[in-house]
């Protein structure tokens, strides 16, 4: 039996698990919970591991727990798109989840939005939906994305941009990440900082919105899959990671579930912008996590100074 701790929604995990069991004749027991609950359980069971696979959490969330994972390089690693490589030896990308700007089609008028720089337009003052960086992993990813994308002269210039961005939000910040896209859809805001997984869900429901992939570049924030340290089913765990990163599964994700593939050889099937058309920024997850708390505090200090 292969035991999987998953943070994925059942509609994503179930069809993949079903096919894997049939293909490899391996029985799977999957336990689904939030990222925080899953990582806490993994930590509590470190002395006597109960799982073989950790599946679906973000690379930023998983990286502090590398000591609970085993080394493994997937047979599909050579196909990974830029910024989604297994640089630690213990974390394999499963799906990409690009940050983007969601725009209300009815309210935008002739205002041009092509990326972060456009959010400094005075016409958007008080019309930008943005969540506090600790509200969820995505708002923090956008903060980091802004710092590195707009900091061509180094992080200091990135912080110069953040200061101007804060000013143009007119003191409006959301404590709940869902209020960002809901606010844009409901017409309370013209533009919001969100991700394509959320956008695709609302696009399928015919919401009056469209997406903008930032010209300045997008910081990778993949969901990942890893082997748990101490697994008693190493062969099954390796087979599972190779399977979920195969061309077959990655193409299925895009075509049927609107999840961005992490393979460079998968053509854009169910998503509007292919991987080759995105300016992926280089990311050093361990470096980012080292300074995470300091950067959040710096953001908050800037916010309080202006509002």
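Laboratory data are not the source of any read-out in this text; all were calculated from the coordinates shown. Remember, predicted model here, so these are calculated numbers, not experimental data. FYI the Cβ positions are ideal-geometry reconstructions off the backbone, even for glycines, and counts take in every protein chain you see.
Do the sum for the chain: with -39,500 (n - 2.57) for every DSSP H run of n ≥ 4, divided by all residues, what is the mean residue ellipticity at 222 nm, to the nearest 500 deg cm²/dmol?
Using -39500 (n - 2.57) per qualifying helix, the result is -11500 deg cm²/dmol.
I'd like to compare 205-211, 221-227: which one has the highest average count of other Cβ atoms within 10 Å, and what's the full order after that?
221-227, 205-211
Per q in 0.31, 0.32 1/Å, what log10 I(q)/I(0) does a Debye calculation on the alpha-carbon atoms of the range 261-307 return?
Debye curve over Cα of the range 261-307, log10 I(q)/I(0) at q = 0.31, 0.32 Å⁻¹: -1.09, -1.12.
Would you please give the FRET efficiency between residue 157 and residue 77, computed as 1/(1 + (r/R0)^6) with r the Cβ-Cβ distance and R0 = 45 Å, to the nearest 0.05?
Between residue 157 and residue 77 the formula returns 0.85.
Say each of residue 24 and residue 291 gets a label point 7 Å from the Cα, pointing the same way as Cα to Cβ; how far apart are those two points in nm?
Using points 7 Å along Cα→Cβ, the separation is 3.9 nm.
Expressed as a whole percent, how much of the Cα-Cα distance distribution for the range 1-118 exceeds 23 Å?
Pairs farther apart than 23 Å: 45 percent.
Treat each spin label as a single point 7 Å out from the Cα along the C-beta direction, and report the residue 273 to residue 234 distance in nm.
About 4.2 nm separates the two model spin labels.
For helix 10-24, what angle does its Cα long axis make with the longest principal axis of the chain, in degrees from 0 to 90 and rounded to 10?
Tilt relative to the chain: about 30 degrees.
Ranking request for peptides 47-54, 11-18, 104-111, 126-133: highest mean number of other beta-carbon atoms within 10 Å first, then the rest in descending order.
126-133, 47-54, 11-18, 104-111
Listed highest first by mean packing, meaning other Cβ atoms within 10 Å per residue, what order do 138-144, 65-71, 21-27, 248-254 come in?
Ranking the peptides 138-144, 65-71, 21-27, 248-254 by packing returns 138-144, 248-254, 65-71, 21-27.
So what is the relative contact order of the range 1-119, in percent, for Cα pairs below 8 Å that sit 6 or more residues apart?
For the range 1-119, the relative contact order is 23 percent.
Taking only Cα atoms of the range 147-304, what ratio of Rg to Rh do you get with Rh as the Kirkwood inverse-distance radius?
In the range 147-304, Rg relative to Rh is 1.01.
Suppose each label sits 7 Å from its Cα in the direction of the beta carbon; what would the residue 201-residue 44 distance come out to in nanometres?
2.6
Taking only the alpha-carbon atoms of the range 210-283, what semi-axes of the equivalent ellipsoid follow from 5 times the gyration tensor eigenvalues under a square root, in whole Å, largest first?
Computed over the range 210-283, the values are 28, 16, 9 Å.
Under the classification rounded if a/c is under 1.5, otherwise prolate if a/b is larger than b/c and oblate if not, where does the range 120-166 fall, given a ≥ b ≥ c as square roots of the Cα gyration tensor eigenvalues?
oblate
Looking at the range 116-202 from every direction and averaging, what is the projected area of its Cα convex hull in nm²?
5.4
Per residue Cα convex hull volume for the chain, in cubic angstrom?
Residue-normalised Cα hull volume stands at 125 Å³.
Calculate how steeply helix 247-257 sits against the longest principal axis of the alpha-carbon atoms of the chain, using the helix alpha-carbon long axis, and give the answer as 0 to 90 degrees to the nearest 10.
Helix 247-257 sits roughly 50 degrees off the main axis of the chain.
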